[in-house]
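What follows is a single structure, written as structure tokens, with notes after it.
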Amino acid sequence: MKDVSHHLVIVANRLPVDRVELADGSHTWRTSPGGLVTAIEPVMRHGDGVWIGWPGGVDVDVEPFTDNDMDLVPISMSAEDIEGFYEGFSNGTLWPIYHDLVAKPEFHREWWDSYVAVNQRFAEKAAEAADEGATVWVHDYQLQLVPQMLRTLRPDLRIGFYLHIPFPPAELFQQLPWRRQILEGLLGADLVGFQLPGAAQNFIRLVRQRVGHKTHRDLVYLPDGRTVRAAAFPISIDAAGLEELARSESVAARAAEIREALGNPRRVFLGIDRLDYTKGIYARLRAFGELLEEGHFDVEDAVFVQVAVPSREQVEQYRLLRDEIDRLVGRINGDHGRIGSPAISYLHSSYPREEMAALYRAADVMVVTPYRDGMNLVAKEYVACRYEGDGALVLSEFAGAAEELRQAWLVNPYDINGMKSALLEAYGADERERTRRMRAMRRQVTQHDVKAWAESFMTELADVGTHEKDVRPARRS
Ligand code: G6P
């Protein structure tokens, strides 16, 4: 790495690469799972900042290094940190509360203590890495206390925070025994960014009610004279980069190979998700299975490819989900598959970008049906890859992406019959209809890419507190 202090510091729980142990005991680096890395990586490649995060694994103590032109500073985690901070408070308490209680959250005081301690370590590392007056951009629900901790250590910094997942309504957030500390942690930032305007409004309302600060529209006025802005910045992808990949000959050849291997059915349905209970994978496959059962099509007409990227495998609810999906896929394939032609090709694995692009190109109908999702970048990736303006997207109303991709076949993922109708409509839609919808969605995704997202956040961050309108309104007598 070139120098020790930086003008831009990214702080996220995970580094963009994840150290994995192979069967023979050796190690390799893989792209980390999830939308956060998909979005931040292209932003970092074009800048000269440093990224602080966990390299995956237990007690992995590696020196700062450079990967793909990015300067990375690893923070090691012990088995206790993983249990209390990562699997516990982050993914056993916050994740379900922030996703509409799709699963039941657990509240444990030891998990909270671990969350505080690990957040403090991230804040200290960021304080060491940042130049005088630098900008630090903290990401996601695992690190909500870092902004305030960092401000105490380094009041000279400009601090931004971005939440990649939904921010819940007050009624749910209030269940958290540590609700006030979390709000105060976030208020350490100058700018708090969310996916959707509704999330920013939830936050402002909670700050007023629970912390008692004055607020006006998207501004919070702190007693020390500081102003914090909370606003929506819908995240996106490197649309041009992905389209270029999708247009390459090797990806086209691989897409043809995939269709061939599937038995050249008339239509290929595709789902790509982390294996997470918020994603609605089970209900979606059930809907597809029922359509086969009722004879709307058979495996010569339509097959489903479901990629489930392994995730949080030590957490009980994730293990149960895996078993349930394994059983369902086995049953549907047993009932409807033929030799060499399963109804569902189920892949429990992660794949490189090229393979994903080939899958997007091979798919006629992309099915994205989460019960709740901050944005869902898979939906945008599919649209970016359909440069010929064809293909159909079935999308949950409860994914942030639904606010932008209005021309998708929108569904309520809790309504199995509604999902079945949407799958059938997308399956049977004529070319004109598919093209009309896809073209409109492509305009949205290509015009609002991840570069525009990062620039608008950074511009706003540089601006907070410098406008007259940010100054506390005069008290009315
Ligand atoms: C979501 C979260 C990220 C997280 C990713 C993968 O996209 O917003 O913060 O990194 O899932 O989950 P994991 O637990 O493997 O980091």
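The values are calculated or read from the model by the stated rules, or taken from the named source; none is laboratory data. Computed from a prediction, not measured in an experiment: that's the story for all the values here. Here Cβ is always computed from backbone atoms with ideal geometry, including for glycine, and neighbour counts include all displayed protein chains. When the accessible area is computed, the model is the full protein with side chains, heavy atoms only, and any ligands, DNA or RNA have been set aside. Shrake-Rupley method; radii C 1.70, N 1.55, O 1.52, S 1.80 Å.
Only Lys, Arg, Asp and Glu carry charge here, each on its Cβ (+1 for the first two, -1 for the last two); on that basis the range 239-447 has a dipole of about 400 debye about its Cα centre.
In the chain, Cα pairs under 8 Å separated by at least six residues give a relative contact order of 13 percent.
Label sites at HIS108 and ASP61, each approximated as a point 7 angstrom past Cα along Cα to Cβ, lie 2.6 nm apart. Accessible surface of the range 239-447, 1.4 Å probe: 43 percent of it comes from carbon and sulfur atoms.
Expressed to the nearest 5 percent, the antiparallel share of DSSP beta bridges inside the range 239-447 is 5 percent. Dipole orientation for the range 239-447: of the candidates LEU393, LEU245, PRO265, LEU245 has the Cα lying most toward the positive pole (charges on Cβ; Lys, Arg +1; Asp, Glu -1). Placing unit charges on the Cβ atoms of the charged side chains and taking the dipole of the chain about its Cα centre, the candidate lying farthest along the positive direction among ASN333, HIS213, LEU15 is HIS213. Each part reduced to its alpha carbon centroid, the range 157-200 and the range 57-114 end up 18 Å apart. With contacts taken as Cα pairs under 8 Å at a separation of at least 6 residues, the range 239-447 carries a relative contact order of 25 percent. If you take the square roots of the eigenvalues of the alpha-carbon gyration tensor of the range 239-447 and sort them as a ≥ b ≥ c, do you get rounded (a/c under 1.5), prolate (a/b over b/c) or oblate? Verdict is rounded for the range 239-447.
Applying both filters, DSSP loop and at most 16 other Cβ atoms within 10 Å, to the trypsin sites (Lys or Arg not before Pro) of the range 346-449 gives ARG406.
The alpha carbon gyration tensor of the chain gives principal lengths a ≥ b ≥ c with a/c of 1.5 or higher and a/b greater than b/c, which makes the shape prolate.
Number of Lys-Lys pairs in the chain with C-alpha atoms under 24 Å apart and a separation of 8 or more places or on different chains: 7. In the context of the full set of protein chains, the chain has a per residue accessible area of 43 Å² (1.4 Å probe). The TYR282 and ALA23 beta-carbon pair, evaluated with R₀ = 30 Å, returns a calculated FRET efficiency of approximately 0.50. Taking amide hydrogens as placed 1.01 Å from N in the peptide plane, the amide H of ASP71 sits under 5 Å from those of TRP51, each at least 5 positions away in sequence or on another chain.
Between the range 367-438 and the range 313-328, the alpha-carbon centres lie 26 Å apart.
Charged side chains reduced to their Cβ positions (Lys and Arg at +1, Asp and Glu at -1) give the chain a dipole of some 1800 debye around its Cα centre. One chain, two ends: TYR387 and ASN417. Fully extended at 0.36 nm per residue, the span grows by 7.7 nm beyond their Cα-Cα distance. Each Lys or Arg adds one and each Asp or Glu takes one away; over the other residues whose Cβ falls under 12 Å from the Cβ of LEU183, this sums to +4. Charges were assigned to the Cβ only: +1 to each Lys and Arg, -1 to each Asp and Glu. The resulting dipole of the range 62-169 about its Cα centre is roughly 480 debye. Name the residue from THR466, ASN91, GLY49 whose Cα lies farthest towards the positive end of the charge dipole of the chain, charges +1 on Cβ of Lys and Arg and -1 on Cβ of Asp and Glu. Towards the positive end, the residue furthest out is THR466.
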